[in-house]
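Rule-based calculations on the coordinates, nothing more; no lab input. Predicted model, so just to flag it, every value in this text is computed and none were measured. Heads up, the Cβs are rebuilt from the backbone with ideal geometry, glycines too, and the neighbour counts pull from every protein chain shown.
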Amino acid sequence: MPLIRIDIISAVPQLVEPMISQSIIGRAVSKGVVEIYVHNLHDYAEDKFRHIDDAPFGGGAGMIIKCAPVFVCIEKLLSERHYDEIIYMSPDGEMLNQELANQLSLSRNIIILAGHYKGIDQRIRDVLITKEISIGDYVLSGGELPALVMIDSIVRLLPGAIGDSESALEDAFQNGLLDSPHYTRPAEFRGMKVPDVLLGGNHASIRSWRHEQAVDKTQRRRPDLLDTFE
Ligand code: SAM
């Protein structure tokens, strides 16, 4: 039984499919930790030409994704199971951060709608969408990359998705701090030495060094995080 089922609705499913069959997400899918289904919005078009967009009322540049295909697709999914969230990826949504990824990783079923063109008909947002999420203050051409960014941030938190289940919890942002520096063999490379404390085997000293480094980096780069953490 997967921990979470994710249904992605997209006008360009070819953009999504390679990512969900590779790397951490692909492995989590093949291990059965997560189930991901991609729905082609064109399959829900009303006409034989599979149109899913139309010109905006009131004029202006860009096309708008129509209500009908999205309503038909989402209503079909809702008739089959309960969804915790129906998410629309949008630059004007709530900003994706680690806390939101943590929350979403506890969901059972979620739908993610990737927009395209100028956007989607407002009535879809008013009636069907329960959450709108942005991945940053910039505009991309479609919601597929944002959906994949968010899915990756969720899936790597699921038990069994990554090899060392501890490491996702030690990543940056999990405790309000940025990550500390990491080193691997050799202990000296072109005269650059690994800090002695990491070679000494004293786990308490290593933990405290990593914490100091993380606090120091956070103070320099993201002091806003420290305010929230403290
Ligand atoms: N007219 C829209 C606006 O100004 O907010 C932008 C539309 S954008 C060209 C097309 C689609 O890409 C959006 O419907 C959304 O699904 C997705 N998208 C673009 N930038 C995004 C971001 N920063 N976060 C989440 N989704 C984004």
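If N is the number of residues in the range 6-133, what value comes out of its Cα radius of gyration divided by 2.2 N^0.38 Å?
Cα Rg divided by the expected 2.2 N^0.38 Å: 1.09.
What 222 nm value per residue comes from the helices of the chain, counting each DSSP H run with n ≥ 4 as -39,500 (n - 2.57) and dividing by all residues, nearest 500 deg cm²/dmol?
Computed mean residue ellipticity for the chain: -11000 deg cm²/dmol.
What is the sum of charges around Leu41, taking Lys and Arg as +1, Asp and Glu as -1, for the other residues whose C-beta is under 11 Å from the C-beta of Leu41?
0
Per 0.36 nm of contour for each residue apart, how much would the distance between Leu169 and His42 grow if the chain were fully extended, relative to their Cα-Cα spacing?
Gain on stretching Leu169 to His42: 41.8 nm.
Starting from a Cα-only point model with no solvent, please compute log10 I(q)/I(0) by Debye for the range 172-227 at q = 0.16, 0.21, 0.22, 0.25 1/Å.
For the range 172-227 at q = 0.16, 0.21, 0.22, 0.25 Å⁻¹, log10 I(q)/I(0) is -0.56, -0.82, -0.86, -0.97.
How much length, in nm to one decimal, is gained on full extension between Arg108 and Asp196, taken as 0.36 nm per residue of separation minus their Cα-Cα distance?
Stretched fully, the Arg108-Asp196 segment lengthens by 27.1 nm.
Which percent of the Cα-Cα distances in the range 88-162 go past 20 Å?
The proportion of pairs with Cα distances above 20 Å equals 29 percent.
For the chain, what Kirkwood radius comes out of the mean inverse Cα-Cα distance, in Å?
Hydrodynamic radius (Kirkwood, Cα pairs) of the chain is 20.1 Å.
Looking at the chain, identify the longest residue range that excludes and avoids all chymotrypsin sites (Phe, Trp or Tyr not before Pro) in DSSP loops having at most 14 other Cβ atoms within 10 Å.
The segment 58-137 is the longest one with no such site.
Among residues other than Lys66 whose Cβ falls under 11 Å from its Cβ, what is the net charge (Lys/Arg +1, Asp/Glu -1)?
Net charge around Lys66: -4.
If you consider only alpha-carbon coordinates, what radius of gyration and Dmax does the range 106-203 have, in Å?
20.5, 62
Rounded, prolate or oblate: pick one for the range 68-116, where a ≥ b ≥ c are the square roots of the eigenvalues of its C-alpha gyration tensor, a/c under 1.5 means rounded, and failing that, prolate if a/b is larger than b/c, else oblate.
oblate
Compute the separation of the alpha-carbon centres of the range 85-129 and the range 38-80 and state it in Å as a whole number.
17
Once the other residues with Cβ under 13 Å from the Cβ of Arg210 are scored (Lys, Arg +1; Asp, Glu -1), what is the net sum?
-3
Compute the distance in nm between two label points, each set 7 Å from the Cα along the Cα-to-Cβ direction, one at His211 and one at Leu145.
Inter-label distance under the simple model: 3.9 nm.
Filter Lys48/Lys118; Lys48/Lys131; Lys193/Lys217; Lys66/Lys131; Lys31/Lys66; Lys31/Lys193 down to the pairs with a C-alpha to C-alpha distance above 28 Å, please.
The answer is Lys48/Lys131; Lys31/Lys66; Lys31/Lys193.
How far apart, in nm, are the 7 Å Cα→Cβ label points at Met63 and Gln14?
Taking the simple label geometry, Met63 and Gln14 are separated by 1.5 nm.
Full-extension gain between Arg123 and Asp224, please, as 0.36 nm times their residue separation minus the C-alpha to C-alpha distance.
Going from the current span to full extension adds 32.7 nm.
Counting just the Cα atoms, what span does the range 35-85 cover along each of its three principal axes? Round to the nearest Å and put the largest first.
Computed over the range 35-85, the largest-to-smallest principal extents equal 38, 25, 18 Å.
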